[in-house]
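Working notes for the structure below.
The values are calculated or read from the model by the stated rules, or taken from the named source; none is laboratory data. Values in this document were obtained by computation on a predicted structure and should not be read as measured data. Cβ: placed from backbone, ideal geometry, glycine included. Neighbour counts: every protein chain shown. With ligands, DNA and RNA removed, areas are computed over all heavy atoms of the protein, side chains included. Shrake-Rupley method; radii C 1.70, N 1.55, O 1.52, S 1.80 Å.
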Amino acid sequence: MKFTKITALLAAAVMTAGAATSMSVSAKSYFVKVMKGDINGNGRFDADDISQLDLHIKGEKALGKRYTTGDVNWDGRVDVTDLAELVKKVYHSGDVNDNGILDSDDAQKILDHVKGKKALKGAALLTADISGDGRIDVVDVVQVNNLRGKSAGFKAGNVLDDNYITSDDTNAILDHIKGKAALSSEELIRADVNNDGRVDIVDYSKIFNYISK
C-alpha cells in the first residue's frame, strides 16, 4: 500500500517522541522522526525539551529511546554541548523566521522591531536577542547580519523544512548527490548535518541512520 507524506506525518504525531515510524511504500521503508532537540515530540523546541535534556546529562533521568534525539549537534554524543545549543535555540538563536538559517529576513524583522515598524511577539522576542543581553537592539541586527548564510543548527536534517525528518529528506539529498535534482541554497545548509561545508553521502548516512532506528 502506498502512503502519502500526509499519512506519514499523521502517524508521526502519535508516535513516541524520538522513536522512528516506518511504513511500506512500494516495498520500500518510509521513515518519520522528530527533529533533533524536540525531545518531547511536540513539533517545537521549548523549555520542556531543555529540562529533559538537562536531567539526562545530570544522570537524574535518562532519555532512553529518545537518546539520539538529544544529540542536537549530530556528533554522536549527548552532553553539555547539546544542552547549550538547545538553550540557544529556545532563547537566543537569532533565527526569527524559524527556517533553520540566519538570513537577511531575520535581520530585517529584528530591525523593523527596533524601529517600531512591526513588533516581534511571543517566542520571536526571545529568539531575536542573539546577543543574550536581555534586550533587542541594533547589536542583534549586526550579529545576525554577520552570520548570514550560517545554519542555526536546529533544523539540520530537516532538509525540506516541514518540522519532521523523513525519508523525503534523505531522498532529496540522494537526488542531489546523483545530480538528479539540485537542492536550493537553504536546503543545502539544512542538509549539511556535519557542518563541513558540503552535502555528500556522509550527511545522507547520518540522517538515514537517525530516522531508521
For residues that are more than 21 Å from ASN99 (Cα to Cα) and in a helix (DSSP H, G or I), scanning just segment 190-207, find the one that is most open to solvent (accessible area, probe 1.4 Å).
-> ILE201
Between a first residue in segment 43-55 that is closer than 15 Å to TYR67 by Cα and in contact (Cβ under 8 Å) with a residue 24 or more places away in the chain and a second residue that is charged (D, E, K, R) and assigned to a loop (DSSP other than H, G, I, E, B), which pairs have beta carbons less than 8 Å apart while being 6 or more apart in sequence or on different chains?
-> ASP49/ASP38
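This table checks each residue for (1) without any contact (Cβ under 8 Å) to a residue 40 or more places away in the chain; (2) of a type in the set (Val, Ile, Thr).
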{"residue": "SER93", "(1), (2)": "no, no"}
{"residue": "ILE110", "(1), (2)": "yes, yes"}
{"residue": "LYS115", "(1), (2)": "yes, no"}
{"residue": "GLN143", "(1), (2)": "no, no"}
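Within segment 194-208, work out how many residues are within 19 Å of LYS36 (Cα to Cα) and at pLDDT below 95. Explain how you work it out, then say what you get.
First pass over segment 194-208, keeping only residues within 19 Å of LYS36 (Cα to Cα): 194-196, 199, 202-208.
Still in the running and at pLDDT below 95: 194-196.
Selection size over segment 194-208: 3.
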Filter segment 117-134 for residues that are farther than 19 Å from LYS155 by Cβ and in contact with a Lys or Arg (Cβ under 8 Å, 6 or more places away or on another chain); which is most open to solvent (accessible area, probe 1.4 Å)?
-> LYS118
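When segment 169-187 is examined, which residues are found to be in contact with a Lys or Arg (Cβ under 9 Å, 6 or more places away or on another chain) and surrounded by fewer than 18 Cβ atoms within 10 Å (Cβ to Cβ)? Talk me through it step by step, then tell me what you get.
Initial filter on segment 169-187 (in contact with a Lys or Arg (Cβ under 9 Å, 6 or more places away or on another chain)): 169, 174, 183.
Correct list: LEU174 only.
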Which ones in segment 100-116 are surrounded by fewer than 18 Cβ atoms within 10 Å (Cβ to Cβ) and part of a loop (DSSP other than H, G, I, E, B)?
-> GLY116
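Yes/no matrix, rows are residues, columns are (1) more than 15 Å from the chain's Cα centre (by Cα); (2) at pLDDT 90 or above; (3) among the aromatic types (Phe, Trp, Tyr):
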{"position": "ARG148", "(1), (2), (3)": "yes, yes, no"}
{"position": "GLY153", "(1), (2), (3)": "no, no, no"}
{"position": "LEU160", "(1), (2), (3)": "no, yes, no"}
{"position": "ASP169", "(1), (2), (3)": "no, yes, no"}
{"position": "LEU183", "(1), (2), (3)": "yes, yes, no"}
{"position": "ASP192", "(1), (2), (3)": "no, yes, no"}
